[in-house]
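> The structure is given below, and queries will be raised subsequently.
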Amino acid sequence: MTEKRVALVTGGSRGIGAAIVKRLAKDGLHVVALARSMDKLVAIVGEVEAAGGTAEAVTCDIGDGKALAAVVEAIAEKHGRLDVLVNNAGITKDGLILRMEDEDFDTVINTNLKSAFVAIRAGARTIMRSKSGRIINISSVAGVMGNAGQTNYAASKAGLIGLTKSVARELAGKGVTANAVAPGFITTDMTDVLHDKIKEGVKQLIPLKRFGEANEIAAAVAFLASEEAGYITGQVLLVDGGMVMG
């Protein structure tokens, strides 16, 4: 059995996911980083190990529910524990609702929402054996306020919030907390492709007048994963520069 607390982070190869992997490892957890491609995962694990932490890379197509469940169960069996589960993996297939194909809707829901359900169900029994079990789902401000052209994405992220709150109620008796982090506009590969004029327009909607950084999301996740957050469950933590209030 692994002596360190063990965390599993889906979508851990880039952007917010990579920042979460590195932050949790820095905090002393053994982190299993999961993504579809091994190349970037190897680099992230290398960075963790160079900084003195421990991590491992696992590949899986999270859209394949059976494969994902098998991977989560294998990780729990290998380490004899699973203390923290971070459901971060997600995709976008944007489009106006009148033009959105069923496949675009279904793929986003399956990847962003159903994968979290599958991972939680597969890991729940092991997480419940932890003295400080933590489930953290990465939602989005789009799941709170909606966003034109993202009905599929917003629905998936809103669904994550409902999933989080329901799981929080179900597992509270075992000492497991479940919370969601809802990032606003964060500097990642996805926002880098936006035109400068669009970026400036968005910043005017943000009271702090800037995009967030991936490490700021990772810091929020690290807190919710910590012992200090043991009395916080069923909550949505907006990390958005004040974009959504109330």
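> Among the residues of the stretch 25-45, is any touching a Ser or Thr at 6+ places or on another chain (Cβ under 7 Å), small (Gly, Ala, Ser) and surrounded by fewer than 20 Cβ atoms within 10 Å (Cβ to Cβ)?
Checking the stretch 25-45: at least one residue is touching a Ser or Thr at 6+ places or on another chain (Cβ under 7 Å), small (Gly, Ala, Ser) and surrounded by fewer than 20 Cβ atoms within 10 Å (Cβ to Cβ).
> Could you tell me whether Glu216 is among the acidic types (Asp, Glu), assigned to a helix (DSSP H, G or I) and more than 28 Å from Lys26 (Cβ to Cβ)?
For Glu216, the condition - among the acidic types (Asp, Glu), assigned to a helix (DSSP H, G or I) and more than 28 Å from Lys26 (Cβ to Cβ) - is not met.
> So Leu82 ticks every box in (1) part of a loop (DSSP other than H, G, I, E, B); (2) surrounded by fewer than 21 Cβ atoms within 10 Å (Cβ to Cβ) but one. Which box is left unticked?
In the conditions (1) part of a loop (DSSP other than H, G, I, E, B); (2) surrounded by fewer than 21 Cβ atoms within 10 Å (Cβ to Cβ), Leu82 misses (2) alone.
> May I ask you to verify whether Val167 is at pLDDT below 95, on the phi < 0 side of the Ramachandran plot and surrounded by 13 or more Cβ atoms within 10 Å (Cβ to Cβ)?
When the stated conditions are applied, Val167 does not pass them.
> Checking Ile232 against (1) closer than 24 Å to Gly90 by Cα; (2) not hydroxyl-bearing (Ser, Thr, Tyr); (3) not in a helix (DSSP H, G or I), which test does it fail?
(1)
> Scan the stretch 217-230 and give yes if some residue there is surrounded by 15 or more Cβ atoms within 10 Å (Cβ to Cβ), free of Cβ contacts under 8 Å to residues at least 40 places away in the same chain and in contact with a strand residue (DSSP E or B) (Cβ under 6 Å, 6 or more places away or on another chain), otherwise no.
yes
> Right, another one. For the stretch 52-70, how many residues are part of a helix (DSSP H, G or I), surrounded by 13 or more Cβ atoms within 10 Å (Cβ to Cβ) and either out of contact with any Cys (no Cβ under 7 Å at 6 or more places or on another chain) or not aliphatic (A, V, I, L, M) (or both)?
Summing the residues that are part of a helix (DSSP H, G or I), surrounded by 13 or more Cβ atoms within 10 Å (Cβ to Cβ) and either out of contact with any Cys (no Cβ under 7 Å at 6 or more places or on another chain) or not aliphatic (A, V, I, L, M) (or both) in the stretch 52-70 gives 3.
> To continue, here is another question. For the stretch 170-183, enumerate the residues that are over 17 Å from Ala229 (Cβ atoms) and either at pLDDT below 95 or touching a Gly at 6+ places or on another chain (Cβ under 7 Å) (or both).
Within the stretch 170-183, just Pro183 meets the criteria.
> Can we say Ile161 is at pLDDT 95 or above, crowded, with 21+ Cβ neighbours inside 10 Å, within 17 Å of Ala220 (Cα to Cα) and hydrophobic (A, V, I, L, M, F, W, C)?
no
> Contact list please: Cβ distance under 6 Å, first residue in the stretch 194-206 and surrounded by 11 or more Cβ atoms within 10 Å (Cβ to Cβ), second residue aromatic (Phe, Trp, Tyr) and outside any helix (DSSP H, G or I), pairs at least six apart or on different chains.
Listed pairs, sorted by first residue: Val202/Phe185.
> Can you find even one residue in the stretch 4-11 that is in contact with a helix residue (DSSP H, G or I) (Cβ under 6 Å, 6 or more places away or on another chain) and of a type in the set (D, E, K, R)?
Checked against the condition, which is being in contact with a helix residue (DSSP H, G or I) (Cβ under 6 Å, 6 or more places away or on another chain) and of a type in the set (D, E, K, R), the stretch 4-11 yields no hits at all.
> Look at the stretch 15-51 and say how many of its residues are assigned to a loop (DSSP other than H, G, I, E, B) and either under 23 Å from Gly80 (Cβ atoms) or at pLDDT below 95 (or both).
Residues that pass the stated criteria total 5.
> Among the residues of the stretch 174-192, count how many are hydrophobic (A, V, I, L, M, F, W, C), more than 22 Å from Leu208 (Cβ to Cβ) and assigned to a loop (DSSP other than H, G, I, E, B).
Within the stretch 174-192, residues that are hydrophobic (A, V, I, L, M, F, W, C), more than 22 Å from Leu208 (Cβ to Cβ) and assigned to a loop (DSSP other than H, G, I, E, B) number 1.
The values are calculated or read from the model by the stated rules, or taken from the named source; none is laboratory data. Remember, predicted model here, so these are calculated numbers, not experimental data. Backbone-built Cβ (ideal geometry, glycine too); neighbour counts: all protein chains shown.
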